[in-house]
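Report on one structure; see the data block that follows.
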Amino acid sequence: MLLKKLESLGLEIPTMAPPVAAYVPARRHANAVYVSGQLPLKDGQLLMTGPMTDQRSMEEAQAVMAQCFLNGLAAALSVADPGEITGVLKLGAYVASDPAFTNQHLVANGASNLAGQLFDEQGQHVRFAVGCMSLPLNATVELEITFTLGT
């Protein structure tokens, strides 16, 4: 069902990016898959860099946060089958931000909205969205995900 939902949205699972430091992309434990922070990488390239400001495109920031979600899904699928992933429990959104930027929660909606589209009610999740000075590789956003498992 997950793969059909992706296809209906015109999306596909990206190739999983290798870790950029000493960690594993995803770890399965009990009825969950914990996904390490995902950057907005596509085809090996960062889609958005530098801090978010009020002058930058919110739509672009939300789109790259959605890419982080897709990257996280790819990582989860390295330890679980598509039919086992039943929803999203938690998202943690990090946004490299100019000190005056206070709309991190809106940037995070890029991932939250995609979670809802893919998993319907099971895509409803708890979440945090925080601003920070910088992120790895000068990425604008990073996303941590916990997926639920079931059969």
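The local environment of PRO18, defined by Cβ-Cβ distances under 15 Å, has a net charge of 0 under the rule Lys, Arg +1 and Asp, Glu -1.
Looking at segment 8-106, the GluC sites (Glu not before Pro) that sit in a DSSP loop and have at most 13 other Cβ atoms within 10 Å of their own Cβ are GLU12. Under 1.5 on a/c is rounded, so check that first for segment 35-96, then, if it is not, pick prolate when a/b is larger than b/c and oblate when it is not; a ≥ b ≥ c are the square roots of the alpha carbon gyration tensor eigenvalues. Prolate shape, in that a/c is at least 1.5 and a/b is the bigger ratio. Taking Cα atoms only, the orientation of helix 104-119 departs from the longest principal axis of the chain by about 20 degrees. For the chain, the share of DSSP beta bridges that are antiparallel, to the nearest 5, is 70%. Ordering GLY37, ALA66, VAL95 by Cα displacement along the dipole of the chain toward the positive end leaves GLY37 in first place; charges were set at the Cβ atoms of Lys, Arg (+1) and Asp, Glu (-1).
Against the chain, whose longest principal axis is taken from its Cα atoms, helix 58-76 shows a tilt of about 30°. Placing +1 on the Cβ of every Lys and Arg and -1 on the Cβ of every Asp and Glu, with nothing else charged, gives segment 18-130 a dipole about its Cα centre of roughly 320 debye.
The alpha carbon gyration tensor of segment 9-151 gives principal lengths a ≥ b ≥ c with a/c of 1.5 or higher and a/b greater than b/c, which makes the shape prolate. In percent, rounded to a whole number, the relative contact order of segment 73-133 is 47, using alpha-carbon pairs under 8 Å and six or more apart.
In order along segment 36-52, phi translates into HN-Hα couplings of 4, x, 10, 8, x, 9, 9, 6, x, 10, 6, 7, 8, 10, x, x, 7 Hz, rounded to whole numbers, per the Karplus curve 6.51 cos²θ - 1.76 cosθ + 1.60 with θ = phi - 60° and x for Gly and Pro.
Listed by chain and number, the aspartates and glutamates whose C-alpha is less than 15 Å from the C-alpha of LYS4, apart from same-chain residues fewer than 8 away, are GLU12, ASP81, GLU84, ASP120. When the helices of the chain are scored as -39500 (n - 2.57) per DSSP H run of n ≥ 4 and the total is divided over every residue, the value at 222 nm lands at -9000 deg cm²/dmol. Across the chain, Cα pairs under 8 Å and at least six residues apart give a relative contact order of 34 percent.
Read the figures in this text as sums done on the coordinates, not as results from a lab. These numbers come from a predicted model, not from an experiment. Here Cβ is always computed from backbone atoms with ideal geometry, including for glycine, and neighbour counts include all displayed protein chains.
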